Structure formats: structure tokens, C-alpha cells
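The values are calculated or read from the model by the stated rules, or taken from the named source; none is laboratory data. Keep in mind it's a predicted model, so treat the numbers as computed, not measured. Note that each Cβ is placed from the backbone with ideal geometry, even for glycine, and that neighbours are counted across all protein chains shown. Side chains included, ligands, DNA and RNA excluded: accessible areas come from the protein's heavy atoms. Shrake-Rupley method; radii C 1.70, N 1.55, O 1.52, S 1.80 Å.
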Amino acid sequence: MDKRIVFRNMEHSNVMEDYANQQLEKIEEFMQHFNTPHSINLYLEPSKTREHHHISLHVQCGSHHFESSYEHEGIPFYDVLDRVIDVMYKKLHEEKRKMDDDKKMVGRHDEFKKER
């Protein structure tokens, strides 16, 4: 697995990196269930003048690419980061559910053909 945290328009912060890594653990743990290579890219871009931060998370899993980003005025930086990661976690769960449903449909379809 390849993971990268990019700080845009800000200096590197160990505290922010540790918090981001802690929040990304649940996505990393979930990604272990997929048997394909995957990568995680997190882009942190705070606003210097007011609370108008932009955070973007890109997850590549095999041929699937997922993106979650959020930019909103008046929300603290850590809350924006939490929201982006939570949205990505839900997207990954939905995709896994779709893949599991597709596998079930294939099995049922084969059984249906045998009955004919």
C-alpha cells in the first residue's frame, strides 16, 4: 500500500500528520479486505486568512478510483478532515457492498440457468 500526505500552502506539521494518519487507519484497515494494490493520497490545504479550508482524499484500489473532498467556510480544519475521511469510508463500504451483490447475482444467475 502506498500512502502520501501532502501539505499545500503550509509547512509540514507533525501534529497534523499524526492526526491524519490516525484518521486514515480505518480506511487502511478496510482496504486490506481488497486483494488489489491500493494507494491513498491526502491533500491538506488550509486557508491562511479565514476558516475556508480545502481537503481532498484520493483512494485508488485496482482499477477503481474514489475521491472525497470538502471545502466550506467557517468549519475548523480538523472537522473538515474528519468529514472527508468519513465520506470516503462510506463510499468504500458502498462499493464493497456493490461488489458483493454482483458476486451474489452471478451465482444466482448460474443456478437459474441450471433450472431451465
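Within region 74-84, does at least one residue satisfy the condition of being in contact with a His (Cβ under 6 Å, 6 or more places away or on another chain), crowded, with 16+ Cβ neighbours inside 10 Å and at pLDDT 85 or above?
Scanning region 74-84, I find at least one residue that is in contact with a His (Cβ under 6 Å, 6 or more places away or on another chain), crowded, with 16+ Cβ neighbours inside 10 Å and at pLDDT 85 or above, so the answer is yes.
Only residues that are in a helix (DSSP H, G or I) and open to solvent by less than 40 Å² (accessible area, probe 1.4 Å): list them for region 1-20, please. Walk me through it before giving the result.
Our first condition is that a residue be in a helix (DSSP H, G or I); within region 1-20, this holds for 14-20.
Correct list: M16, A20.
So how many residues does region 20-48 have that are out of contact with any strand residue (DSSP E or B) (no Cβ under 6 Å at 6 or more places or on another chain) and of a type in the set (A, V, I, L, M, F, W, C)?
The number of residues fulfilling the criteria is 3.
Assigned to a strand (DSSP E or B) and more than 25 Å from E11 (Cβ to Cβ) - does that describe any residue in region 39-49? I'd like the intermediate steps shown before the answer.
Residues of region 39-49 assigned to a strand (DSSP E or B): 39-45.
Right, trim to more than 25 Å from E11 (Cβ to Cβ) and you get none.
Checked region 39-49: no residue is assigned to a strand (DSSP E or B) and more than 25 Å from E11 (Cβ to Cβ).
Could you check how many residues of region 21-38 are open to solvent by 60 Å² or more (accessible area, probe 1.4 Å), free of Cβ contacts under 8 Å to residues at least 60 places away in the same chain and under 15 Å from the mean Cα position of the chain (by Cα)? So that I can check it myself, show each step before the final result.
Just the residues of region 21-38 that are open to solvent by 60 Å² or more (accessible area, probe 1.4 Å), to begin with: 22, 25-26, 29, 32-33, 35, 37.
Next, only the ones that are free of Cβ contacts under 8 Å to residues at least 60 places away in the same chain stay: 22, 25, 29, 32, 35, 37.
From what is left, the residues that are under 15 Å from the mean Cα position of the chain (by Cα) are 22, 25, 29, 32, 37.
Final tally of qualifying residues: 5.
Take the residues of region 39-55 that are farther than 16 Å from E17 by Cβ and at pLDDT 85 or above: which is surrounded by the fewest Cβ atoms within 10 Å (Cβ to Cβ)?
S39
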